[in-house]
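Peer 1: Here it is, the structure, as structure tokens.
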């Protein structure tokens, strides 16, 4: 099979998808923005051809590049694994008659109001929401649904530019902020109270062949707005043991079917609270922030290779062992500036070193990143343990013990 893969070199884990495809026997053609000489020898060795373009999100440019390749060889698949690439890649598939995720499915997985409208029609429980193209529509929704509300750009990824609104004054301020950033269309949602997590699958022909459940501590909006919190997300190894996860799996299956997702990785956010289990949103792509690395470590499998197996062979060859829970804790600098040093690292290493997967501790002098930049923006530690509750307590202790000093 011959597969075109969009942007093989950036971000850094993109190379792993290319590796997986090459290892299962695919001929991989890379299309990316970096000059070919910037690709290292190992990555070039996994590619049969590399085609540089000025912008992989420009549908016209990407179409021309794919057609150039098609003029020279048969292409079986076109794959993209970055959120901002998925819709353009789907449109190019349709223009170039290449199988894969459709434009309709990619659109529904990018445009949150349309996504939720389609899922409500299919009976999937989700928050009330609307798409607003002007302030009057936002005010009308607030008047109908009440506060709190969630505002975000319609095609935003993760918690980027997502804000919680508790009253009229906050809404007025937020609308001014969105306008100042050039956002012309906003997704407005009812705030859903409850614990937050994500459900990820590798689906084959619309059926989850591999699946994983991860919990946020605390919920994302709080984590991305509060400096003193050392937020975590933890992938459980109890997916097959806890009955409540069966309800989550059923919900995920209904979402995959309703949105027409075929063979693809998926990343679905959910809440569980007083109103029960509620769908939040889904991406038709793998999760970010190293989640697949945690799944691989905890389940004794090469998830990138299994993704490639699904694309190339229409099946997976391995099953999750559920041997270990695995998680990450983000460590924030005490203030903005430059990192000046750390404390508590030796103490944690002496006590829990055997359970540490890896740690990222930027060198002193490194500029700090803002709190809202995410879980891997500054320092972090990733750990694993056979007992999910023990892992949670270890990560908590890391957060209390390790401090990132800045000046």
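Here, each number is a calculation from the coordinates, and none is a lab measurement. Bear in mind the structure is a predicted one, so any value in this text is a computation, not a measurement. Neighbour counts are summed over all protein chains in view; Cβ atoms, including those assigned to glycine, are modelled from backbone coordinates with ideal geometry.
Peer 1: Going 7 Å from the Cα of residue 347 in the Cα-to-Cβ direction, what parts of segment 376-405 have a backbone nitrogen less than 20 Å from that spot?
Peer 2: 379-383, 391-405
Peer 1: Jot down the radius of gyration and Dmax of segment 218-375, Cα atoms only, both in angstrom.
Peer 2: Cα radius of gyration and Dmax of segment 218-375 are 18.4, 50 Å respectively.
Peer 1: Further question on the same structure: Counting DSSP beta bridges in the chain, what percent are antiparallel, to the nearest 5?
Peer 2: Beta bridges within the chain, antiparallel portion: roughly 80 percent.
Peer 1: List 93, 104, 335, 2 from most exposed to least, where exposure is judged by having the fewest other Cβ atoms within 10 Å.
Peer 2: 335, 104, 2, 93
Peer 1: Something else about it: What is the chain's relative contact order, in percent, from Cα pairs under 8 angstrom and six or more apart in sequence?
Peer 2: Across the chain, relative contact order equals 14 percent.
Peer 1: Calculate the length of the line joining the C-alpha centroid of segment 333-407 to that of segment 187-263, in whole Å.
Peer 2: Centre-to-centre (Cα) distance: 24 Å.
Peer 1: Would you compute, from DSSP H runs of 4+ residues alone, the mean residue ellipticity of the chain at 222 nm, taking -39500 (n - 2.57) per run and dividing by the full residue count, rounded to the nearest 500?
Peer 2: On the way: 14 runs with 145 residues, N = 407.
Rounded to the nearest 500, it is -10500 deg cm²/dmol.
Peer 1: Report, as a whole number in µm² per second, the diffusion coefficient that Stokes-Einstein gives for segment 105-215 at 25 °C and 0.890 mPa s using the Kirkwood radius over alpha carbon pairs.
Peer 2: Values: Rh = 15.3 Å.
For the chosen part, D equals 161 µm²/s.
Peer 1: A further question on this structure: Under 1.5 on a/c is rounded, so check that first for the chain, then, if it is not, pick prolate when a/b is larger than b/c and oblate when it is not; a ≥ b ≥ c are the square roots of the alpha carbon gyration tensor eigenvalues.
Peer 2: rounded
Peer 1: Take every DSSP beta bridge whose two residues both sit in segment 279-407, then give the antiparallel share in percent to the nearest 5. Display every interim value, and only then the final one.
Peer 2: On the way: 16 of 17 bridges.
The answer is about 95 percent antiparallel.
Peer 1: Continuing with the same structure: Relative to the compact globular guide of 2.2 N^0.38 Å, what is the alpha carbon radius of gyration of segment 1-157, as a ratio?
Peer 2: 1.28
Peer 1: With 10 angstrom as the radius, rank 126, 266 by how many other C-beta atoms surround their C-beta, starting from the fewest.
Peer 2: Least to most surrounded, the residues fall as 126, 266.
Peer 1: Let me check against my output: what whole-number percent is the relative contact order of segment 1-134, with C-alpha pairs under 8 Å and at least 6 apart?
Peer 2: The value is 20 percent.
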